[in-house]
Amino acid sequence: MNTYTQQELDSVFEQHKLWLESQGGERAQLRNADLSNLVLQNIDLRCANLIRTDFSGADLSGSNMSEADITYANFSHANLNNTNFRDADLRNANMSHAQMLNVDLLRADLFRTDFSNAQINDSAFKRIDTSSTIIELRDPTQQCLSGK
């Protein structure tokens, strides 16, 4: 696991902010980072590389992680209240025992994400965007759609 000083993290976040605003900077690359038990409220990590990052016990409330790659990340016991994970890749993430009130999981990839014992609103899983959904009815005489 990679560890960072507060000064190093502040620099990464500032560079990421510039990158998001198309003013130079660079995308946050915090892959395999140990950010456990840190206070990172209201941080903007849209589109960041957060693969296998350890956020266990961290306070990320109000943060924006939309469109970020957060596969295999550990959020166990983290405060994720009011966090935006819209369109994020959360495959195989550990959200066990996390506080997740009012989170936005719209279109997030939640394949094998562990939500065991997480405090999460049921509405987080009921929001469905059907604006670009294509529904094709299956011909009951055929076994599968690809058999046309």
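The values are calculated or read from the model by the stated rules, or taken from the named source; none is laboratory data. What you see is a predicted model, and the numbers here were worked out from it, not measured in a lab. No Cβ is skipped: glycine too gets one built from the backbone with ideal geometry, and neighbour counts run over all protein chains shown. Heads up: the accessible areas ignore ligands, DNA and RNA and are worked out on the full protein's heavy atoms, side chains in. Shrake-Rupley method; radii C 1.70, N 1.55, O 1.52, S 1.80 Å.
Is the shape of segment 72-119 rounded, prolate or oblate, going by the alpha carbon gyration tensor and its root eigenvalues a ≥ b ≥ c, with a/c under 1.5 for rounded and a/b larger than b/c for prolate? Verdict is oblate for segment 72-119.
Give, as a single signed number, the net charge of other residues whose beta carbon lies under 14 Å from the beta carbon of Q15, with Lys and Arg counted +1 and Asp and Glu -1.
After counting each charged neighbour, the total is -3.
Sequence-ordered 3J(HN,Hα) estimates for segment 21-26 from the Karplus curve with 6.51, -1.76 and 1.60 and θ = phi - 60° stand at 8, 6, 10, x, x, 8 Hz, glycine and proline given as x. Taking all protein chains together and rolling a 1.4 Å probe, R27 ends up with roughly 80 Å² accessible. Axis angle, to the nearest 10 degrees, between helix 6-20 and the longest C-alpha principal axis of the chain: 50 degrees.
Tell me what the chain gives for mean residue ellipticity at 222 nm when only DSSP H runs of n ≥ 4 count, each as -39,500 (n - 2.57), the sum divided by the residue total, rounded to 500 deg cm²/dmol.
On the way: 1 runs with 15 residues, N = 148.
Result for the chain, helices only: -3500 deg cm²/dmol.
Can you tell me the dipole magnitude for the chain around its Cα centre, using point charges on the Cβ only (Lys, Arg +1; Asp, Glu -1), in Debye to the nearest 20?
Values: 13 positive and 20 negative charges, 96 e Å.
Dipole of the chain, to the nearest 20 debye: 460 debye.
Report the equivalent ellipsoid semi-axes for segment 1-118 in whole Å, largest first, defined as the square roots of five times the eigenvalues of the gyration tensor built from alpha carbon atoms.
Square roots of five times the eigenvalues give 21, 15, 13 Å.
In percent, rounded to a whole number, the relative contact order of segment 1-128 is 16, using alpha-carbon pairs under 8 Å and six or more apart. For R91, the solvent-accessible surface with a 1.4 Å probe is about 90 Å², rounded to the nearest 10.
Farthest towards the positive end of the charge dipole of the chain, among the residues M1, T83, V39, is the Cα of T83, using unit charges on the Cβ of Lys, Arg, Asp and Glu.
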